[in-house]
Amino acid sequence: MSDAPRPSAICDAGPLIHLGEIGAARLLPQFHPLLVPASVWAEAVSFRPPTDFAWEITAVGEADRRALEGRLVTQLDPGEADCLALCSRHPGAIFLTDDLAARRAPQRLGITVHGSVGIIVRSFRVGLLTRPEADTALVALRDCRSLFVTKVIIDLAREELADAPPI
């Protein structure tokens with residue numbers, strides 16, 4: 001692990017599944033704590049975490065969910081809603097999701113959002129990946145069967161690698 005600060009994060013199923021699929025789940029511990037709602041963990045059954053993977057499965061209660069009512073006008077699946085409920089309980093935590101609709105809602109609430117592409121770019125910036133490793137991971141993500149990400153997004157991320165200063 002690099003010496004860069006490890007921000008806390010709330011993780012939706014997408015990054016667990018997609019980074020796991022390309023063999024890059026080892027990048028997730030750059031976030032600490034990494035909180036995963038139980039509803040998300042159940043959705044991410046295909047995720048095979050590395051043996052040293054550290055996460056916290058967290059319960060989300062009705063009070064947490066009610067705190068979001070009226071603040072969101074979009075329909076989210078239960079896992080995404082639970083993630084946002086946890087974000088309200090953990091101000092400053094980053095919301096990790098690959099779902100476009102789920103990315104818009106927290107941005108309106110002032111919550112920082114990163115997807116799998118952003119996690120890979122950040123991994124390079126904090127020294128967890130070399131530029132060639134990050135580039136390879138981005139290409140693998142583009143070709144990932146379970147994620148739709150356009151070539152344009154991957155190309156923009158690859159350009160960012162060339163310009164990205166370390167954190």
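The values are calculated or read from the model by the stated rules, or taken from the named source; none is laboratory data. Keep in mind the model is a prediction, meaning the values are calculated, not measured. Here Cβ is always computed from backbone atoms with ideal geometry, including for glycine, and neighbour counts include all displayed protein chains.
Structure notes:
The rows are residues; the columns are (1) among the basic types (Lys, Arg); (2) over 18 Å from the mean Cα position of the chain (by Cα); (3) in a helix (DSSP H, G or I).
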| position | (1), (2), (3) |
| --- | --- |
| ARG103 | yes, no, yes |
| ILE120 | no, no, yes |
| PHE124 | no, no, yes |
| ALA140 | no, no, yes |
| ASP155 | no, yes, yes |
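- From the options GLU80, GLU69, residue that is among the acidic types (Asp, Glu), at pLDDT below 90 and farther than 19 Å from VAL40 by Cβ: GLU69
- Matching residues in segment 108-125 - criterion: being polar (S, T, N, Q) and either surrounded by fewer than 19 Cβ atoms within 10 Å (Cβ to Cβ) or more than 24 Å from CYS144 (Cα to Cα) (or both): THR112
- Candidates ALA38, ALA54: the one that is out of contact with any Lys or Arg (no Cβ under 8 Å at 6 or more places or on another chain) and either buried (at least 20 other Cβ atoms within 10 Å of the Cβ) or at pLDDT below 80 (or both) is ALA54.
- Filter result for LEU161 (modelled with pLDDT under 90, closer than 23 Å to ASP3 by Cα and in a helix (DSSP H, G or I)): yes
Yes/no matrix, rows are residues, columns are (1) among the charged types (D, E, K, R); (2) touching a Lys or Arg at 6+ places or on another chain (Cβ under 7 Å):
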residue	(1), (2)
ALA102	no, no
ARG108	yes, no
SER116	no, no
ILE120	no, no
PHE124	no, yes
THR136	no, no
ILE153	no, no
ARG158	yes, no
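- Candidates LEU96, LEU100, LEU128: the one that is hydrophobic (A, V, I, L, M, F, W, C), closer than 22 Å to ALA81 by Cα and surrounded by 19 or more Cβ atoms within 10 Å (Cβ to Cβ) is LEU96.
- Residues that are within 14 Å of the chain's Cα centre (by Cα) and free of Cβ contacts under 8 Å to residues at least 12 places away in the same chain, drawn from segment 73-101: LEU100
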